[in-house]
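Any read-out appearing in this document is the output of simple, stated calculations on the displayed coordinates, not a laboratory observation. As the structure is a prediction and not an experimental result, all values here were calculated from the model. In this analysis, Cβ positions are derived from the backbone assuming ideal geometry, glycine residues included, and neighbour counts consider all displayed protein chains.
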Amino acid sequence: MTEEVFRDDAYAKSCTATVTGVDESGIRLDRTVFYPTGGGQPGDVGALVRGDGTRIAIADTRKGATPGEVVHVPASGQPAPAIGEPVTAEIDWSRRHRHMRMHTAMHVLCAVVPYGVTGGQVGELRSRLDFDIGDGSLDKAAIEAKLNELIARDAPARPRWIADEDLAAQPELVRTMSVKPPSGAGRVRLLDIEGVDLQPCGGTHVRSTGEIGRVAVEKIENKGKRNRRVVIALAEP
Ligand SMILES: [Zn+2]
């Protein structure tokens, strides 16, 4: 198990850690600020800074084979640290912060578009969500206006936990039809954007919607009879 510092503090840019494993898949630490690819959010990049100040560049972060395991994938040609070696794990904060803004914007988009989500991907400058709209329709300008209205409201966004049985009793909390929230650990993490959106999510988010800044709806693509892809971008990257 890796202690996931980013779960409780998405704003942690670095942490000290000890190397616990090194193999062809990557480097494992006892604790980390690196978010592993998941829930539509890309894994972090950054560096592991060694005691002598040299840096091991990390090109990607992924989940390991066992639950709670985080694998730091080094860029090619990087030196391997020794097991037991102390390092400082440092993420590329400007990239991660854009992911946090975009990811939080995805939740706001979920609140604006009242249909089931069938997929999605967070990017640094643009992100998309796919909706099953049934016989409904989407208005690009109206969605953009409502998104920016909710962002300007600067609603607080806070993670909290819910027991598995309480979530099972409130299936309406699960908006993503293709992804079941992780359960079985007894509790599930929710993101609560006050008065806007509440749903299970393990990603990293900003503290309030105002931090997202203005967004633009770039396009709405037709992805089949019932499916529409809404692409949004940060207007102030
Ligand atoms: Zn989220």
key: Extension gain, residue 20 back to residue 93 (0.36 nm per residue minus Cα-Cα distance, nm)   = 23.9 nm
query = List the lysines whose alpha-carbon lies under 18 Å from that of residue 146, not counting same-chain residues fewer than 8 positions away?
reply = 219
task = Determine Rg/Rh for the range 125-167; Rg is computed over alpha-carbon atoms and Rh is the Kirkwood hydrodynamic estimate from the same atoms.
result = 1.09
message = Given contacts defined as C-alpha pairs under 8 Å and at least six residues apart, what's the relative contact order of the chain, whole-number percent?
response = 19
remark   = In whole Hz, the Karplus estimates of ³J(HN,Hα) for the range 105-115 (6.51, -1.76, 1.60; θ = phi - 60°; x where Gly or Pro) are 4, 5, 5, 5, 4, 4, 6, 7, 9, x, 10
request  = Assign unit charges at the C-beta atoms only (+1 for Lys and Arg, -1 for Asp and Glu), then state the dipole size of the chain relative to its Cα centre in Debye, rounded to the nearest 20.
outcome  = 560
task = With an 8 Å cut-off on Cα pairs and a minimum separation of 6 or more residues, tell me the relative contact order of the range 33-138 in percent.
result = 23
key: Distance-filtered residues of the range 99-127 - backbone nitrogen under 19 Å, label point 7 angstrom along residue 231 Cα→Cβ   = 99, 102-103, 105-107, 109-110, 118-127
key: Inter-probe distance in nm under a simple model that places probes 7 Å from Cα toward Cβ, at residue 121 and residue 222   = 2.2
note = Exposure proxy check on 115, 11: fewest-to-most Cβ neighbours within 10 Å is 11, 115
task = Would you mind calculating the gained length between residue 69 and residue 161 on full extension (0.36 nm times residue separation, minus the Cα-Cα distance), in nm to one decimal?
result = 31.1 nm
task = With a 10 Å radius around each residue's Cβ, average the other Cβ atoms per peptide and rank 134-142, 102-110, highest first.
result = 102-110, 134-142
query = What's the center-to-center distance, using Cα atoms, between the range 136-170 and the range 190-237 in Å?
reply = 8
request  = Could you work out the Rg to Rh ratio of the chain, with Rh taken as the Kirkwood radius (inverse of the mean 1/r over all Cα pairs)?
outcome  = 1.00
Using alpha-carbon coordinates, inclination of helix 140-152 to the longest axis of the chain, degrees = 60
Sorted by Cβ neighbour density within 10 Å, fewest at the top, the residues 34, 131 = 131, 34
query = What order, most packed first, do the peptides 43-51, 72-80 have when packing is the mean number of other Cβ atoms within 10 Å of each residue?
reply = 43-51, 72-80
ask   = If the cut-off is 30 Å between C-alpha atoms, which lysines fall inside it for residue 63, apart from same-chain ones fewer than 8 positions away?
value = 13, 180, 223
Radius, Kirkwood style, for the range 1-135 when every pair of distinct Cα atoms is counted (Å) = 15.8
query = Dividing the alpha-carbon Rg of the range 183-237 by 2.2 N^0.38 Å yields what?
reply = 1.50
